[in-house]
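The values are calculated or read from the model by the stated rules, or taken from the named source; none is laboratory data. Model, not experiment: these values are computed from the prediction. All Cβ positions, even for glycine, are placed from backbone atoms using ideal geometry, and neighbour counts span all protein chains on display. Ligands, DNA and RNA are excluded from the accessible area calculation, which covers all protein heavy atoms including side chains. Shrake-Rupley method; radii C 1.70, N 1.55, O 1.52, S 1.80 Å.
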Amino acid sequence: MKVAIIGKGNVGKALSSGLGPAGHEVRFGTRDPDESVGAAAGWGEVIVLAVPFSQVKNVAGSIGHLTDGKVLIDVTNVMGVDGSMALGFTTSGAEELQKMLPKSRVVKAFNTVFAKHQGTGRIGQARLSAFLAGDDAEAKRAVMTLAEGIGFEPVDCGPLSAARYLEPMGMQLIGLGYDMGMGPDIGYRLVRG
């Protein structure tokens, strides 16, 4: 697939490092005029939104109709400028993004994994789960295929409203890693009996 990654920070680069070897073509969209956000969004079959939460509204405004009909993966953590959770349980960042870009097919994914593991889907030999949520079944299948190609075990968590739970999971992981001193070599894995 042609995957446009909007944002070239730790998350964008990490996902690119896993998607390229899995056979996908990746193009970045950044503030750099040579890597235009609009050009990348127009080119991509799938668009990954990997920007700070505070920039989501600006980016959504700049890519607008270029996302129409496309899978739009929301990787953001709903973190306020002070590091606290910016949204609660009556909505989610992913649902708000869907409202901003109603003709796109938003899927929440990859936010429950530290960036350093997003390129492999593993910590050592342990395969991590890639939890995802979305309202479009075909879009979710596409994201599951991308996740599995990287090395994750994809887990469909249901409709986009389930992002209300995935976003706090991402914040909890950050809290465990940095506030509780466990570091970034931790992750979530769904265990089935």
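Only one of these conditions is not met by I73: (1) part of a loop (DSSP other than H, G, I, E, B); (2) of a type in the set (A, V, I, L, M, F, W, C); (3) in contact (Cβ under 8 Å) with a residue 60 or more places away in the chain. Which number is it?
Going through (1) part of a loop (DSSP other than H, G, I, E, B); (2) of a type in the set (A, V, I, L, M, F, W, C); (3) in contact (Cβ under 8 Å) with a residue 60 or more places away in the chain one by one, I73 breaks only (1).
Within the stretch 63-87, take every residue that is at pLDDT below 95 and touching a helix residue (DSSP H, G or I) at 6+ places or on another chain (Cβ under 8 Å) and give me the one that is nearest to A4 (Cα to Cα).
This residue is N77.
Take the residues in the stretch 1-21 that are surrounded by fewer than 16 Cβ atoms within 10 Å (Cβ to Cβ) and farther than 15 Å from V75 by Cβ, then tell me which one is modelled with the highest pLDDT.
That would be K2.
If I filter the stretch 49-70 down to residues being of a type outside the set (A, V, I, L, M) and either under 17 Å from D136 (Cβ atoms) or assigned to a loop (DSSP other than H, G, I, E, B) (or both), which single residue comes out as most open to solvent (accessible area, probe 1.4 Å)?
In this case the residue turns out to be P52.
Only one of these conditions is not met by V81: (1) within 19 Å of L160 (Cα to Cα); (2) open to solvent by 50 Å² or more (accessible area, probe 1.4 Å); (3) in a loop (DSSP other than H, G, I, E, B); (4) not small (G, A, S). Which number is it?
Single failed check for V81: (1).
Kindly indicate whether G175 is part of a helix (DSSP H, G or I), without any contact (Cβ under 8 Å) to a residue 24 or more places away in the chain, out of contact with any helix residue (DSSP H, G or I) (no Cβ under 8 Å at 6 or more places or on another chain) and open to solvent by less than 50 Å² (accessible area, probe 1.4 Å).
For G175, the condition - part of a helix (DSSP H, G or I), without any contact (Cβ under 8 Å) to a residue 24 or more places away in the chain, out of contact with any helix residue (DSSP H, G or I) (no Cβ under 8 Å at 6 or more places or on another chain) and open to solvent by less than 50 Å² (accessible area, probe 1.4 Å) - is met.
Please enumerate the residues belonging to the stretch 1-20 that are under 11 Å from the mean Cα position of the chain (by Cα) and assigned to a strand (DSSP E or B).
I5, I6 - these are the residues of the stretch 1-20 that are under 11 Å from the mean Cα position of the chain (by Cα) and assigned to a strand (DSSP E or B).
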